[in-house]
Each structure stands twice: as C-alpha cells, then as structure tokens.
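Take a look at the structure below.
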Amino acid sequence: MDDGQFAAHGGQVPDHGGQVPDHGGQVAAHGGQVPDHEEEAAAAGGGGRGPLSHRASTVAVGEPEVGAFDPGEAGDELGRSGFASVVGRPNVGKSTLVNRLVGVKVSITSPRPNTTRRPTRGVLHAPGAQAVFVDTPGLHRPKTALGRRLNDHVAGALADVDVVVAVVDATAAIGPGDRLVLQRAVAGRPAHQVLVAVNKVDAATPAQVLHQLSGAEAVVRQVLGAEHEVELFPVSAATGLGVEPLARAVLDRLPEGPAYFPNDMVSDTDATFWLAELVREQLLRATHDELPHAIACRVVEQQWPRVRIEIVVERPSQRAIVIGHEGSVLKKVGTAVRAQLPPGAYVELHVVVDAHWQQRPDAIEGFGY
Ligand SMILES: Nc1nc2c(ncn2[C@@H]2O[C@H](COP(=O)(O)OP(=O)(O)OP(=O)(O)O)[C@@H](O)[C@H]2O)c(=O)[nH]1
Ligand SMILES: [Mg+2]
C-alpha cells in the first residue's frame, strides 16, 4: 500500500482551498472553522442519522433538487405500492432518470460507464401510491469480478419486481447490449409490466428518436411476440421532458399494497456509503479514460464534521492521476464534495494503491458494491 494524503476544506483559505505544503504531503482545505459549525452539524446529523439525510424534509445531500414533476401531495392513505427496476446498458442515463423521477439526487451520475455499482432505491411518493425505483448498474460484458458482480446486481433487481423500466439511449444505435437488456426486461414478465424509456431525447433529432422508438419496439416484439403492445416513452432525464407520463405509467401498474418507506424518506442509502459515492462521483467527473474502473472509495473515519475517505486505485500511476499536479484533482474533488454537504464539513481524502482489488470479491464487498 502506498499513500498520499490530502484534505479539502474551504472557508479560511478561500482562494486556494488550502495550503499545498509539499508534494505528496498534506493538502489541507477546510470548510470554515469547524467549531463554529458544531451546532449546525449536529442539527444536520438528525439525531444520529449522520450528516446526510435522504429524508425529503431535510434534503441535505447538497446538490439542488433535480426538479421532478409534482406528483401532488403525498398522503398517508396508500392504495398502490411497489418496486420498479430501472435497467439498461451503462451510461444510458438510468441514474439521472431515477433522480429525476424521485426529485432528489439519490444516485451518483457521470459520463463514465459503470458509474453505478449497486442497486440504489429512490422513492416517489404520490397521492395514494408509492413507487420505489431501483437504479441498477449498467448491464455489460464483464471483464472483472467487479463487472460480474454488477451484472449479478442487475439480475437480482429484475427478479421479483412489479415493473421494469428498460432504458435505451436515443443518441446511440440500438445494439446487442440493448437487445440483451430488453430481452432480460421482458423475459417471463407480462408485457404490461415492462416500459421502455428512450432517454436523452434532448440530444437527439426527432428522426433519431423515432428510429429508436421503433427499434426498441421491434426488439421487444421479437421476444414477446408480434401481438404484444409495448409501451414506449421518449424522455429526457436531463430536462425532465416526458418523465411525468413515465412516472404515472409506473404508478398505475403497481399492485395494491402498504407503504414501504415513511413519507419523508426518499432513499435507503446509508450516509457513510453516500459520502464515499459523492467522492467517487467527483473523481469520475474529474478524471478520464480507464481510471474510473480502477477507483473505489470508502469512508475510513467519520466524526462529523470530519470525514476521512480512502480512494483506492490499482496502480501508482493511477494514484498520481487522482492526486493531480500539486494535488489539484483532489482539491477540486474535495471542494465539489464539500459543496454538497452541510456547512462545516471537513473532507479528508487519502489515496492508496491496492492492486487488482476489482478481481477480489472480498475487496469488492468491503466497498459495499
Ligand atoms: N443530454 C442528455 N444527457 C443525459 C441524459 N440523461 C443522462 N445524461 C448523461 O449521460 C451520462 C450518464 O448518465 P448516468 O445517469 O450516470 O447513466 P447510467 O445509465 O446510470 O450509467 P451507469 O451507472 O454507468 O450504468 C451523464 O453524463 C449524464 O449527464 C439526458 O436526458 N440527456
Ligand atoms: Mg448509474
């Protein structure tokens, strides 16, 4: 194990977010004077729930709400409830769509494939109904134990759910990966339980969108039989276009049942995992190419408002990329993460090398993937 240690805060050192004393040493950057914020931090902790909360009343995850449509006032009386798994190839926008459906950021997103590494539940509360959307990793051809694990998660999320939303990308031709997704989505399921979303219509021409809609329909009919009706939804998870009809279609297909989550809860991701995810998200956005697959994050110390997060890479060269010139990448990542946390957060990032962690099931499980 090799290590390099950095912390990113903001307040006291507004312009540079911290000192960079020497290379490979410590970059400290904090979010203001920690003691001053103790009260706020304690309040944000929500009585032991930790610094982050996915309860709708205290959306403390930082980034602005993604602006979902308004499903109306959620009431206590429930008629319908159930689970809807969102599946698709990597990078088609599943997580962005789930965030939009739920109206709160519950899953991290990035332009890199295989950003999502485990099923992530986000709850849509509507009058008389509750839909639990399950964001899943992108179904892909796996090269590592991690990749196989991601695909296993998808298989698990497809079993025993009420509705499946299969997502395809309007800007890329429907290929073998999409075909596999659509086959898995409809296999052994009544047609009415499967909805197909053609996402990213904001970035596609009308002709492209039409082409994708008919392509997806043709694949589903091949599997289910020509007589089956397929429900298709052109959407933009990025802008929200078309998301409301999709959400309503999901809600309409839920069976009668009790509420699975309290009214003010939008996700069941624990605060510790979420902190590590926020760091990984910023790393994926700040770095490029092959690095994303090599990155894993975990919280190693948490004494709010101080959090120490370990970033694990597979090679020393990757460690250098993650740190950046004079700590520039880590600093950027730490600052972006801190901006999503309650005031006063002190985020310490620490990079270590662990060769081949992606091939070791124990390591993969250790990260919670
Ligand atoms: N233009 C456009 N971009 C989108 C839309 N939805 C998602 N994206 C972008 O597509 C990329 C992938 O989005 P994610 O939501 O992370 O995709 P995903 O399917 O969850 O990806 P994995 O978790 O890797 O399988 C990101 O850069 C998003 O900003 C959309 O409706 N329009
Ligand atoms: Mg995702």
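Go over the candidates VAL333, VAL347, VAL337, VAL307 one by one and state the one that is outside any loop (DSSP other than H, G, I, E, B), under 28 Å from VAL104 (Cβ atoms), touching a Lys or Arg at 6+ places or on another chain (Cβ under 8 Å) and aliphatic (A, V, I, L, M).
Of the residues listed, the single one that is outside any loop (DSSP other than H, G, I, E, B), under 28 Å from VAL104 (Cβ atoms), touching a Lys or Arg at 6+ places or on another chain (Cβ under 8 Å) and aliphatic (A, V, I, L, M) is VAL347.
Could you list, in sequence order, the residues of segment 262-275 that are among the polar types (S, T, N, Q) and not in a strand (DSSP E or B)?
Listed by number, the residues that qualify are ASN263, THR269, THR272.
Looking only at segment 83-113, filter to residues that are among the polar types (S, T, N, Q) and part of a loop (DSSP other than H, G, I, E, B); which one of those is farthest from the chain's Cα centre (by Cα)?
Among those residues, the one meeting the criterion is ASN91.
Being within 12 Å of ligand 1 (Cβ to nearest atom) and of a type in the set (Gly, Ala, Ser) is the filter here; which residues of segment 94-113 pass it?
Across segment 94-113, the qualifying residues are SER95, SER107, SER110.
How many of the residues in segment 300-323 are of a type outside the set (Lys, Arg) and surrounded by fewer than 17 Cβ atoms within 10 Å (Cβ to Cβ)?
7
Which one of ASP169, ASP152, ASP162 is within 22 Å of the chain's Cα centre (by Cα) and loosely packed, with under 15 Cβ neighbours inside 10 Å?
From the options ASP169, ASP152, ASP162, the qualifying one is ASP152.
So which of LEU246, LEU283, LEU278 is part of a helix (DSSP H, G or I), touching a helix residue (DSSP H, G or I) at 6+ places or on another chain (Cβ under 8 Å), crowded, with 20+ Cβ neighbours inside 10 Å and assigned by TED's automatic domain parsing to the domain that holds LEU97?
On inspection, the qualifying residue turns out to be LEU246.
Which of the residues spanning segment 114-142 are more than 12 Å from ligand 1 (Cβ to nearest atom), outside any strand (DSSP E or B) and modelled with pLDDT of 95 or more?
Once the filter is applied, which keeps residues that are more than 12 Å from ligand 1 (Cβ to nearest atom), outside any strand (DSSP E or B) and modelled with pLDDT of 95 or more, segment 114-142 yields ARG141, PRO142.
Hey, can you tell me all the residues within segment 103-162 that are free of Cβ contacts under 8 Å to residues at least 40 places away in the same chain and of a type in the set (Val, Ile, Thr)?
Selection gives THR116 alone.
Quick one: ARG149 ticks every box in (1) within 13 Å of ligand 2 (Cβ to nearest atom); (2) assigned to a helix (DSSP H, G or I); (3) touching an Asp or Glu at 6+ places or on another chain (Cβ under 9 Å) except a single one, so which number is it?
So the condition that ARG149 fails would be (1).
The values are calculated or read from the model by the stated rules, or taken from the named source; none is laboratory data. On a predicted model such as this, the values are computed, not experimentally measured, just so you know. Here the Cβ is made from the backbone with ideal geometry for all residues, glycine too, and neighbour counts use every protein chain on show.
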